[in-house]
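Only the coordinates and a few stated rules stand behind these numbers; no lab work does. Bear in mind that the values here come from a model prediction, so they are computed numbers and not experimental data. A quick note on method: Cβ atoms are made from the backbone with ideal geometry, for glycine too, and the neighbour counts reach across all protein chains shown.
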Ligand code: FUB
């Protein structure tokens, strides 16, 4: 299934910041975008909101992949992974990210673990960016029971929202967490982590006066590490920078104020064909809302010092 996002029709005198129309995904309700650039194509992996209108909880059972070569024409590759593909999981196909290494594509996802009822991080693998992806481990890579730091309260969704960086020296890092951000050093096989270092707390500053909530995304620009996340509630996007993959982190600033008609804000940042993009979700499709979200995109820029100026979400 292929379609074009078309162009916005604007009131006279108004300048269109992007040549595409938002939301860029309109054939399903979609959320939690994660982007991967491979060859001349941008792949966008998204969650699938299936909650009925008026619902106040998520109904999410599978993950979709879309691709584009120009940010205007998109192909829907259908669901490429589902909760059913993890025999040990029983619901909540929440946020994930795909990374490429040694000819394989690894899909890290948040998903509910049947045995504990809590969210866990699973990993699936494929030879192609559009799947099919299959469970790489037959069990969770990270479960709540592994991430107990003394004194921290626990809840069922504290281990969600994985984001992965493969650094220039080959070391891969997986960052994740809700309220308490954490990281592990992934082994070269990408499906296990360095047990000696274990699960480490990620010490993040308040940015724009807001506490960390969830939805980490890591990227690199001009040798610096940029970690961005959803902060506060309703969520807004903020970022911090570091000279090292694990900090110390210096507050950057606010990336985006909270998205229209939606209490969460989950994003991805990538460079594609010489331009930088931020993908995020809002609740602006007809019938949409916090549990029926839609993925959008905007340009992202850097100033001379590497700061990211505040980005306006689509109305
Ligand atoms: O889509 C379910 C959850 O909502 C994600 O894991 C969070 O980041 C938030 O977007």
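So, R0 is 30 Å and r is the distance between the beta-carbons of residue 27 and residue 263; what FRET efficiency does that work out to, to 0.05?
On the way: r = 23 Å, r/R0 = 0.78.
According to the calculation, E is roughly 0.80.
Under a crude label model (7 Å from the Cα following the beta-carbon direction), how far is residue 100 from residue 72 in nanometres?
Calculated label separation equals 2.4 nm.
Let me check the size of segment 42-106 from its C-alpha atoms; what are the radius of gyration and Dmax in Å?
Rg and Dmax of segment 42-106, Cα atoms, are 13.7, 44 Å.
Going by the alpha-carbon gyration tensor, a ≥ b ≥ c the square roots of its eigenvalues, is segment 73-184 rounded (a/c under 1.5) or, if a/c is not under 1.5, prolate (a/b greater than b/c) versus oblate?
Working: a/c = 2.01, a/b = 1.34, b/c = 1.50.
Here segment 73-184 falls in the oblate category.
Please give the contour-minus-distance gain from residue 179 to residue 139: 0.36 nm per residue of separation, less the Cα-Cα distance, rounded to one decimal in nm. Let's see the in-between values first.
Details: separation 40, 0.36 × 40 = 14.40 nm, distance 2.42 nm.
In short, 12.0 nm is gained.
May I ask for the distance between the Cα centers of segment 294-315 and segment 181-255, given as a whole number of Å?
Cα centroid to Cα centroid, the span is 18 Å.
Which peptide among 17-24, 294-301 comes first, and what is the full order, when sorted by highest mean count of other Cβ atoms within 10 Å?
Working: 17-24: 18.4, 294-301: 21.5.
In descending order of packing, they fall as 294-301, 17-24.
Ranked highest first by the average count of other Cβ atoms within 10 Å around their residues, in what order do 81-91, 165-175 fall?
Details: 81-91: 18.3, 165-175: 16.3.
The packing order, highest mean first, is 81-91, 165-175.
If r is the Cβ-Cβ distance from residue 206 to residue 302 and R0 is 22 Å, what FRET efficiency results, to the nearest 0.05? Don't skip to the end; give the middle numbers.
Working: r = 22 Å, r/R0 = 1.02.
Result of the calculation: an efficiency of 0.45.
Using a 10 angstrom cutoff on alpha carbons, build the Gaussian network for the chain and name the most mobile of 124, 208, 240.
Result for the chain, Cα springs under 10 Å: 208 fluctuates most.
Could the peptides 67-75, 231-239 be put in order, highest first, of the mean number of other beta-carbon atoms found within 10 Å of their residues?
In descending order of packing, they fall as 231-239, 67-75.
Give the shape of segment 187-299 as rounded, prolate or oblate, defined through the alpha-carbon gyration tensor: a ≥ b ≥ c are the square roots of its eigenvalues, a/c under 1.5 means rounded, and otherwise the shape is prolate if a/b is larger than b/c and oblate if not.
Numbers: a/c = 1.64, a/b = 1.58, b/c = 1.04.
Prolate is the answer for segment 187-299, as a/c is 1.5 or above and a/b outweighs b/c.
For the chain, what class follows from the C-alpha gyration tensor (a ≥ b ≥ c being the square roots of its eigenvalues): rounded when a/c is under 1.5, otherwise prolate if a/b is larger than b/c, else oblate?
On the way: a/c = 1.38, a/b = 1.21, b/c = 1.14.
Rounded.
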